[in-house]
Every structure is written in structure tokens, then in C-alpha cells.
1. Being under 20 Å from Ser258 (Cα atoms), touching a Ser or Thr at 6+ places or on another chain (Cβ under 9 Å) and at pLDDT 95 or above is the filter here, so list the residues in region 182-202 that pass it.
2. From the residues in region 203-215 that are closer than 22 Å to Arg168 by Cα and out of contact with any His (no Cβ under 9 Å at 6 or more places or on another chain), which one is modelled with the lowest pLDDT?
3. Just to verify a result, which residue in region 239-250, among those that are in contact (Cβ under 8 Å) with a residue 12 or more places away in the chain, over 23 Å from Ala200 (Cα atoms) and surrounded by fewer than 21 Cβ atoms within 10 Å (Cβ to Cβ), is nearest to the chain's Cα centre (by Cα)?
4. For the structure I just gave you, tell me whether Ile172 is buried (at least 21 other Cβ atoms within 10 Å of the Cβ), among the aliphatic types (A, V, I, L, M) and over 18 Å from the mean Cα position of the chain (by Cα).
5. I'm told Ala190 meets every condition in (1) of a type outside the set (Asp, Glu); (2) part of a loop (DSSP other than H, G, I, E, B); (3) surrounded by fewer than 23 Cβ atoms within 10 Å (Cβ to Cβ) except one. Can you identify the failing condition by its number?
6. Are any of the residues in region 100-112 modelled with pLDDT under 95 and either in a strand (DSSP E or B) or surrounded by fewer than 24 Cβ atoms within 10 Å (Cβ to Cβ) (or both)?
7. Yes or no: Asp77 surrounded by fewer than 23 Cβ atoms within 10 Å (Cβ to Cβ), farther than 18 Å from Val206 by Cα and at pLDDT below 95?
8. Quick one: would you say Ser161 is farther than 30 Å from Val79 by Cα and surrounded by 18 or more Cβ atoms within 10 Å (Cβ to Cβ)?
Amino acid sequence: MPTVLDSKQLDSKQLDAKRETTSSAAVEDPRQRLIVALDVSSAAAAQKIVAAVGDSAFTFKVGMQLYTAEGPQIVRDLVASGRRVFLDLKYHDIPHTVGSAVTEAAKLGVSMLTVHASGGSRMLRSAVDAAKANPKLIVLAVTVLTSFDQNDLEEVGQGNSIEASVLRLTRIARSLGCGGIVASAREAPAVRREFGHGFALVTPGVRPAGSSVEDQVRVVTPAEAIAAGSSHIVVGRPITHAPDPAAAARAILDQMRS
């Protein structure tokens, strides 16, 4: 694995302080707000990306593809190397099963993990309670996927607008102690108006201007996401598929500063 990064760790002891630290995310250093998605199928490919990005990012997303291919060892290796891990498995199951999964994730030392807000109050409470085993772990509730448009939402039986759905799910997640949400930056202004800034708002589907949107629908640029109120952005292919991932990451960091 690459050499250990001297990355700043969250050190607050109180939940509210932890949320505030996470959401402000060292604004003067956008590297604290950039999450690089390791959407690859092997540990070797993931390690190559991490090494290529270098110190241009501190946090790396391990999602379903990589976790299914390599299992928890890839998470252990990243954590041991000093990286922060955003475990994006979007847990959605009965409360006991989700709580047990979060317990295991907490043992791995991940910094953030995702659960579906639509899993309901008992499931979210079980996840939040299990996460207390690792005081630095942030439980993020996924609201409406950035690949969804209004037609997709209606197809699965949701009659509300996307914005109304995001606000409703955020309200549930916040009331149960989730440390943040996952939502598009298009809904971020409404979320910040209603709930303030004392929690993380992680935005996937971020693409630099001129990039292909691929399978995303509600896409924004890095600068738009930060201006809208996102505390963190998740960027994958524009960095990981670039000829020079470090240069691509630096270009995104520059856009986040603008």
C-alpha cells in the first residue's frame, strides 16, 4: 500500500461537535471535502489509484463493487495506511441485520458509512446505536439517489417531488441522530435552509464542467456543489480514469475553492 498520510482526524467527543467539525470540514483545505470513489474490481487497482492521487485527497470511497470483490481487507488496508474510508454499501434491511453490519463496519475503523433513509426509523436507530462503538464514525442517510429523476421516483410509488422527498427523509434521519445525509447539491440549498449546517451533506454525482454525466441524472460541478451547501463531494471516474489522477484531483480542488 502507499505510504501513510498525515491526515487530520476528527477528535470531537460530543455528537453535535462531531457533526459541526464534519460539516465545516476544514474549509480552508478542500482536500478535507473531496472523497475519491474507488469504483474498481481489485485491491491492486484501488491501491494504484490511491498512490496516483497521493496527498490530493484524504478520503476514499469503498462501494459495492470493490467491497464485493475484495471484502473487508481492502478497508483494513486503507485505514492502516492512514486514509479515511467512506464505506458506501447503503445498508437497507431489517433493524437487527443493519445494526449488526454497522457494528462490524465500526470495528473496521471506517470514518463514514451509508444506510438508506427509507429503511425507516427503527432501522436508522439501530444503525446509529451500533455506530456508537466508534465515536468518530458518521452515519449518513441516503435520501434520493442522484441517478433518480421525478419519473423514477414516481415509478417506485413516491408521489412527492424530489426536493420534498429529500427534506422528509432528512427530517427522519436527523431526528434519529444520523450525522449527515447523502443528497444531490440540487436539493442542498433547501436542506440547509430547513436544517442548518451542523451536519454532513455528502454529494455524489459531481462532474467537472464538460465531463460526461454517464449514469447520473442530477449532476452538478464541484463549485456548484460547494456553493449549494454540500460539505463533501464524491468524485470517481473524472479522477480515477484520468491520465494523471493527481492533476485531475488538483483541478477539482481548484474548482472547489472558486
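The values are calculated or read from the model by the stated rules, or taken from the named source; none is laboratory data. Only a predicted model underlies this, so the values are computations on that prediction, with no experimental measurement involved. In this analysis, Cβ positions are derived from the backbone assuming ideal geometry, glycine residues included, and neighbour counts consider all displayed protein chains.
1. Scanning region 182-202 gives Ala188, Leu201, Val202.
2. Restricting attention to region 203-215, the residues satisfying the condition of being closer than 22 Å to Arg168 by Cα are 203-205.
With the extra rule that they be out of contact with any His (no Cβ under 9 Å at 6 or more places or on another chain), the set shrinks to 204-205.
Details: Pro204: 92, Gly205: 82.
Taking the candidates together, the pick is Gly205.
3. Ala246
4. On the way: buried (at least 21 other Cβ atoms within 10 Å of the Cβ): no; among the aliphatic types (A, V, I, L, M): yes; over 18 Å from the mean Cα position of the chain (by Cα): yes.
The answer is no for Ile172.
5. (2)
6. No, region 100-112 has no match at all.
7. Against the criterion (surrounded by fewer than 23 Cβ atoms within 10 Å (Cβ to Cβ), farther than 18 Å from Val206 by Cα and at pLDDT below 95), Asp77 does not qualify.
8. Judged against the criteria, Ser161 is not a match.
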